[in-house]
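Presented below is the structure to which this report refers.
The values are calculated or read from the model by the stated rules, or taken from the named source; none is laboratory data. These numbers come from a predicted model, not from an experiment. Neighbour counts are summed over all protein chains in view; Cβ atoms, including those assigned to glycine, are modelled from backbone coordinates with ideal geometry. When the accessible area is computed, the model is the full protein with side chains, heavy atoms only, and any ligands, DNA or RNA have been set aside. Shrake-Rupley method; radii C 1.70, N 1.55, O 1.52, S 1.80 Å.
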Amino acid sequence: MGKGVMSVGAVTVLALVAGCKTVEVGSDGARPGEQEPRSAGLAPGAPPARTPAAGQAPAGQASPTARTPPPPAPAPRGTPAPKVLMRQGDRNDQVRALQARLRQIGWLAANPSGLYGPLTVNAVKGFQVRRGLPPTGAADAVTWQRLLGMTRVPTREELYAGGGMPPAAPDKRCMTGRVLCLAKSSRTLTWMVDGRVVSTMDVRFGSQYTPTREGTFTVYWKSRHHVSTLYNTAMPYAMFFSGGQAVHYSADFAVRGYAGGSHGCVNVRDEQKIANLFAQVRMGDRVVIYK
């Protein structure tokens with residue numbers, strides 16, 4: 001590595017990460033019960049045409065596919081519609097859980113956001129159609145119970161797959177002085193001065209085999225336009241705290257998210273936030289990394 005490396009073998013760059021596989025949900029087949037075409041007039045002496053049995057396709061026509069979902073059964077008169085629990089425009093934690101469960105079974109490709117938008121409407125509607133429920137696009141009590149029966153409780157990582165996780169409670173070591181407070185459990189960096197939160201941002205830590213070290217450190221070197229000499233990878237706004245490990249901006253993290261991890265560094269994906277942080281942090285400021 002370049003100037004400032006404290007130990008041999010320290011890794012400083014991002015890991016290449018694998019892409020996510022998006023499950024493509026196909027459209028439903030032909031609708032059963034379409035009107036059959038009328039038969040042409042019969043030639044004199046020709047035997048009468050055989051009337052197909054119920055559910056059997058006329059001669060020369062394909063039978064409806066078995067994958068075609070049944071049409072929604074009409075509710076008996078006087079039966080109240082199921083209570084709507086979530087609908088377009090809602091924003092809350094239950095919507096985030098709905099989105100995470102839809103992702104588990106391939107009906108939603110986007111990361112949970114907590115906002116019930118058009119993508120969620122379409123995902124719910126497709127789920128309802130496939131199961132013979134009225135395709136309203138709103139998550140009513142019946143739809144929600146059906147989804148609960150097909151999925152499991154989402155993990156914290158699934159709920160915040162795209163980031164935005166609320167910061168964990170700051171470690172007691174972060175409550176005095178100027179500290180970069182990094183919580184692995186919430187994947188956040190909180191810049192604190194004398195116990196006051198100045199800014200918070202999403203971060204990505206090292207992978208399982210190249211973990212980010214935990215403990216108390218100090219910023220010993222800042223490099224605005226740093227490039228790793230080991231991997232020839234750009235590390236803008238690098239703030240080194242332990243050997244070759246540093247907090248720095250990661251274009252890969254900005255594009256790919258949490259699909260992978262670094263080689264030990266702390267990646268930040270918001271360039272404007274880390275630019276502001278880089279301007280404020282001084283040599284000797286503490287870095288606290290904890291679970």
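Structure data summary
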| read-out | value |
| --- | --- |
| Packing rank of 101-111, 159-169, 240-250, where each peptide gets the mean count of other beta carbons within 10 Å, highest leading | 240-250, 101-111, 159-169 |
| Test item: Cα-centred dipole of segment 205-284, Lys/Arg +1 and Asp/Glu -1 on Cβ, debye | 160 |
| Charge context of residue 187, other residues only, Cβ under 12 angstrom, K/R +1, D/E -1 | +3 |
| Under-5 Å amide H pairs with residue 233, H placed in peptide plane, nonlocal only | 228 |
| Distance between modelled label sites at residue 198 and residue 87, nm, 7 Å Cα→Cβ extension | 4.7 |
| Cut-off under 5 Å, modelled amide H: who pairs with residue 108 long-range | 103 |
| Å² of accessible area per residue within segment 134-291, as computed with a 1.4 Å probe and no ligands counted | 45 |
| Summed residue charge, Cβ within 9 Å of residue 165's Cβ, Lys/Arg positive, Asp/Glu negative | 0 |
| Residues with amide H under 5 Å from that of residue 218, placed H, sequence gap 5 or more | 287 |
| Exposure ranking of 270, 202, 93 by accessible area [1.4 Å probe, largest first] | 93, 270, 202 |
| Isotropic mean projected area of the C-alpha convex hull, segment 146-262 (nm²) | 9.2 |
| Residue-count net charge about residue 268 - beta-carbon cut-off 10 Å; Lys, Arg +1, Asp, Glu -1 | 0 |
| Backbone HN-Hα couplings from phi across segment 85-99 [Karplus 6.51/-1.76/1.60, Hz, Gly and Pro as x] | 8, 9, 8, 4, x, 5, 9, 6, 5, 5, 4, 4, 5, 4, 5 |
| Estimated vicinal HN-Hα couplings, Hz - segment 226-241 in sequence order (Karplus 6.51, -1.76, 1.60; Gly, Pro = x) | 5, 10, 5, 7, 7, 10, 6, 10, 5, 9, x, 6, 6, 10, 7, 10 |
